[in-house]
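Engineer: One structure, pasted below without further comment.
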Amino acid sequence: MNPFKFGTIVEGDFFTDRVAETAQLTQKLNSENHIVLISPRRYGKSSLVQRVLSQTNRPILQLDLQYVLSVDDFAAQLLRTIFKRFPMEKVRHAMSHFRVIPMISSNPVTGAMEVSFQPTANSSVLLEDAMALVDKVTSPDNRLIIVLDEFQEVTKIKKGFDKQLRSLMQHQKNLNYILLGSQESMMEAIFEKKTSPFYHFGQMIRLPKIPYEDFLTYITERLPNKSTQVAEEILGFSACHPYYTQQLSSQVWEMMKYQKINDDVVRKAVDALVSMHDLDYERLWQNLNRTDRFTLKQLVLNRQPLQNRNQATSTSYSSLLRMIKSGLIVRSIHYEVEDPFFRQWISQNILQ
Ligand SMILES: Nc1ncnc2c1ncn2[C@@H]1O[C@H](COP(=O)(O)OP(=O)(O)OP(=O)(O)O)[C@@H](O)[C@H]1O
Ligand SMILES: [Mg+2]
């Protein structure tokens, strides 16, 4: 079996490093503090949190705010996770304070439980009731952990929702929140802007890439020929980005194992992956305006766009911000194209 995995949460043998982060998160969960975990997309936040959670017996509720459509939906999804996690006898008793009784049904096709409310119910009441139920199911000796993924969406669900949620959360005891987000600038605005309701709500942890030495050993051990040189070439291209490193390693492994390619295998694997995504990249490029294309081109040429004489600094700056927001560019030490395969596509197609 291919020992590399990308796209979904990695566990067990697929998971590497994150020793310090695992310890740090575990420690925080043993306190009354909440955790805010930030990184660019696909750095391994969910995998790290699953790892930490797998080592505890505490009850866990998880919601992804990306899939929450409204305040009512948040309340419904929160209730659904509670009903799934706790025995109905316990929950039924704890719901005696509810002002609006939710309807619970089971989807006969998928078997999934669904929670809904009368359409006329007041959203604030639904939210308050659901959050009050959280208080009742958690206890000092069985403290709940609530994970809210893509938390930056909190500001988009409904105007004022963040404020209301924060005011309900601040009175809760005997639980920890883990709030994850991949849109760094939005997460920073939520937790570091003084006027934001979530200002300094929890301890902020920034997840870096996986350290070079650790990734090098991890890849080398798993390659069919255990070649350190091939592993170095992979990391040279992917710059230790967890997802892209695994994706490229996986392709290299297949080409070595099944096609018996050994010469120049990393370059061939990169070419294969770039051409696999050719159509997506072309579409992506076509949807960009000329300023953004220019900015990307500068980055691929290793030039910092803000120092370019052919484009006003303010124009370059807003272009960078726009693409950081959409995830095409990330900023570590300097600005970079997020996807190294897109970077390669640009250099193959545009710079010819
Ligand atoms: N500790 C790790 N060891 C090895 N590979 C990892 C690790 N963490 C992440 N990866 C790689 O990165 C991919 C993305 O991980 P994960 O889904 O946990 O990231 P995320 O930050 O939650 O992503 P998203 O921004 O999409 O929510 C994994 O599928 C895996 O290929
Ligand atoms: Mg995730």
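Engineer: Keeping to the stretch 218-256, report how many residues are of a type in the set (S, T, N, Q), in a helix (DSSP H, G or I) and either farther than 21 Å from Glu21 by Cβ or more than 12 Å from ligand 1 (Cβ to nearest atom) (or both).
Structural biologist: 7
Engineer: Have a look at Leu328, Leu284, Leu299 and point out the one that is touching a strand residue (DSSP E or B) at 6+ places or on another chain (Cβ under 6 Å), surrounded by 13 or more Cβ atoms within 10 Å (Cβ to Cβ) and not assigned by TED's automatic domain parsing to the domain that holds Ile219.
Structural biologist: It is Leu299.
Engineer: For the stretch 14-52, give me each residue that is surrounded by 18 or more Cβ atoms within 10 Å (Cβ to Cβ), away from ligand 1 (no atom under 12 Å from the Cβ) and in a helix (DSSP H, G or I).
Structural biologist: Answer for the stretch 14-52, where residues must be surrounded by 18 or more Cβ atoms within 10 Å (Cβ to Cβ), away from ligand 1 (no atom under 12 Å from the Cβ) and in a helix (DSSP H, G or I): Leu25, Lys28, Leu29.
Engineer: Pairs needed: first member in the stretch 265-287, at pLDDT 95 or above; second member anywhere, outside any helix (DSSP H, G or I); C-beta distance under 7 Å; at least 6 residues apart or different chains.
Structural biologist: Final answer for the pair search is Lys268/Ile261.
Engineer: If you don't mind, another one. Can you tell me how many residues within the stretch 154-189 are away from ligand 1 (no atom under 16 Å from the Cβ) and either without any contact (Cβ under 8 Å) to a residue 12 or more places away in the chain or out of contact with any strand residue (DSSP E or B) (no Cβ under 8 Å at 6 or more places or on another chain) (or both)?
Structural biologist: 19
Engineer: Could you please tell me which pairs satisfy a Cβ distance under 9 Å, a separation of 6+ or placement on different chains, a first residue in the stretch 34-50 that is polar (S, T, N, Q), and a second residue that is in a loop (DSSP other than H, G, I, E, B) and within 10 Å of ligand 2 (Cβ to nearest atom)?
Structural biologist: Ser39/Ser182; Ser46/Thr8; Ser46/Ile9; Ser47/Thr8; Ser47/Ile9; Gln50/Ile9
Engineer: Also, quick follow-up: Between a residue in the stretch 140-151 that is within 11 Å of ligand 2 (Cβ to nearest atom) and any residue that is basic (Lys, Arg), which pairs come within a Cβ distance under 9 Å, given they are 6 or more apart or on different chains?
Structural biologist: Note: pairs meeting the criteria are Asp149/Lys45.
Engineer: Which members of the stretch 53-83 meet the condition of being polar (S, T, N, Q) and either under 12 Å from the mean Cα position of the chain (by Cα) or outside any helix (DSSP H, G or I) (or both)?
Structural biologist: If the condition is that a residue be polar (S, T, N, Q) and either under 12 Å from the mean Cα position of the chain (by Cα) or outside any helix (DSSP H, G or I) (or both), then Gln55, Thr56, Asn57, Gln62, Gln66, Ser70 are the ones that fit.
Engineer: Let me ask another. When the residues of the stretch 164-191 are narrowed to those that are assigned to a helix (DSSP H, G or I) and at pLDDT 95 or above, which ends up nearest to Gln24 (Cα to Cα)?
Structural biologist: Phe191
Engineer: I'd like the full set of residues that are more than 18 Å from Gly111 (Cβ to Cβ) and among the small types (Gly, Ala, Ser), limited to the stretch 75-92.
Structural biologist: Ala75
Engineer: How about the stretch 11-21: which of its residues are more than 16 Å from ligand 2 (Cβ to nearest atom) and without any contact (Cβ under 8 Å) to a residue 40 or more places away in the chain?
Structural biologist: Listed by number, the residues that qualify are Gly12, Asp13, Val19, Ala20.
Engineer: May I pose another question? Give me the residue from the stretch 53-64 that is touching a strand residue (DSSP E or B) at 6+ places or on another chain (Cβ under 6 Å) and within 23 Å of Gly7 (Cβ to Cβ) and, out of that set, surrounded by the fewest Cβ atoms within 10 Å (Cβ to Cβ).
Structural biologist: Ranking the qualifying residues of the stretch 53-64, first place goes to Asp64.
Engineer: Among the numbered criteria (1) within 28 Å of the chain's Cα centre (by Cα); (2) in contact (Cβ under 8 Å) with a residue 24 or more places away in the chain; (3) under 25 Å from Ser319 (Cβ atoms), which single criterion is violated by Phe294?
Structural biologist: Of everything listed in (1) within 28 Å of the chain's Cα centre (by Cα); (2) in contact (Cβ under 8 Å) with a residue 24 or more places away in the chain; (3) under 25 Å from Ser319 (Cβ atoms), Phe294 misses just condition (1).
Engineer: Can you tell me which of Asp72, Asp64 is charged (D, E, K, R), within 16 Å of ligand 2 (Cβ to nearest atom), under 25 Å from Asp162 (Cβ atoms) and in contact (Cβ under 8 Å) with a residue 12 or more places away in the chain?
Structural biologist: The unique qualifying residue is Asp64.
The values are calculated or read from the model by the stated rules, or taken from the named source; none is laboratory data. From a predicted model like this one, the values you see are computed outputs, not experimental measurements. Here the Cβ is made from the backbone with ideal geometry for all residues, glycine too, and neighbour counts use every protein chain on show.
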